[in-house]
Amino acid sequence: MSGTNGKVAICPGSYDPVTYGHLDTIKRAARIFERVVVGVVDQPVRKQQTMFSAEERKRFIEDAAADIENVQIEVFNTLLVEFARKHEATVLVKGLRAISDFEYEFEMNQLNRKLDPGIESMYLMSSPEFSFLSSSGVKEMAAFGGDFTDLVPRLVAEGLKERYGR
Ligand code: PNS
């Protein structure tokens, strides 16, 4: 059942690639909000070149979230607050794992608040089974031949195996 408070939320991220941890946050947001727009940033400024193109990252999420009816996925290459305004969203939703996420998210929260005080950021504490899970961790496992297939959707696992020639 989707939320009925009439609000649109944005779940932004690099999603390079999407993991079951991201999908857990997206699903939980979709239960709270009327509509959720997953914003896939085209080129994250603070990170190195992404492994997957924005269209690939978007397709992975589309495939994995196909059964959630009030979720749409879109690539963006603007300020996040502009992307939110474009969708008439007033809330940004992100997952929060361990303490290590806090400092970065705190800064992003302040920057976004300065850019548009009308847009609120909200954080969903990660479900315990995903509290260790990150895209970079999965990529590292893939690079060294570890088994990561229960951490990411099937298409992502295939994409990673292809990239690492396994
Ligand atoms: O999954 P990530 O890498 O933590 O997501 C980062 C994301 C997409 C939230 C961030 O890079 C972003 O918002 N980029 C768009 C530019 C922007 O608005 N930056 C924040 C204020 S300067």
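The values are calculated or read from the model by the stated rules, or taken from the named source; none is laboratory data. Computed from a prediction, not measured in an experiment: that's the story for all the values here. Reconstructed Cβ throughout: ideal geometry from the backbone, glycine too, with neighbour counts over all protein chains shown. Keep in mind that these areas ignore ligands, DNA and RNA; they rest on the heavy atoms of the full protein, side chains included. Shrake-Rupley method; radii C 1.70, N 1.55, O 1.52, S 1.80 Å.
Here are a few things to note about the model shown:
- Scanning region 87-112 for residues being within 13 Å of the ligand (Cβ to nearest atom), acidic (Asp, Glu) and more than 15 Å from the chain's Cα centre (by Cα) gives a total of 2.
- Matching residues in region 21-58 - criterion: being polar (S, T, N, Q), part of a loop (DSSP other than H, G, I, E, B) and touching a residue at least 24 places away in the same chain (Cβ under 8 Å): Gln43, Thr50
- Count - residues of region 6-20 that are of a type outside the set (Asp, Glu) and not in a strand (DSSP E or B): 8
- Candidates in region 24-40 are the residues that are open to solvent by less than 30 Å² (accessible area, probe 1.4 Å) and among the hydrophobic types (A, V, I, L, M, F, W, C); of these, the one that is farthest from the chain's Cα centre (by Cα) is Phe33.
- Filter result for Ser126 (within 18 Å of Val152 (Cβ to Cβ) and within 14 Å of the ligand (Cβ to nearest atom)): yes
- Which numbered condition Ile61 fails, given (1) near the ligand (Cβ under 9 Å from one of its atoms); (2) touching a His at 6+ places or on another chain (Cβ under 9 Å); (3) assigned to a helix (DSSP H, G or I): (1)
- Just so you know, in region 41-53 the residues that are under 18 Å from Ala84 (Cα atoms) and modelled with pLDDT of 95 or more include one that is most open to solvent (accessible area, probe 1.4 Å), and it is Asp42.
- Lone unmet requirement of (1) free of Cβ contacts under 8 Å to residues at least 24 places away in the same chain; (2) open to solvent by 90 Å² or more (accessible area, probe 1.4 Å); (3) not in a helix (DSSP H, G or I) for Gly145: (2)
- Taken over region 71-86, the criterion of being under 17 Å from Ser121 (Cα atoms), within 8 Å of the ligand (Cβ to nearest atom) and crowded, with 16+ Cβ neighbours inside 10 Å is satisfied by Leu80, Val81, Phe83.
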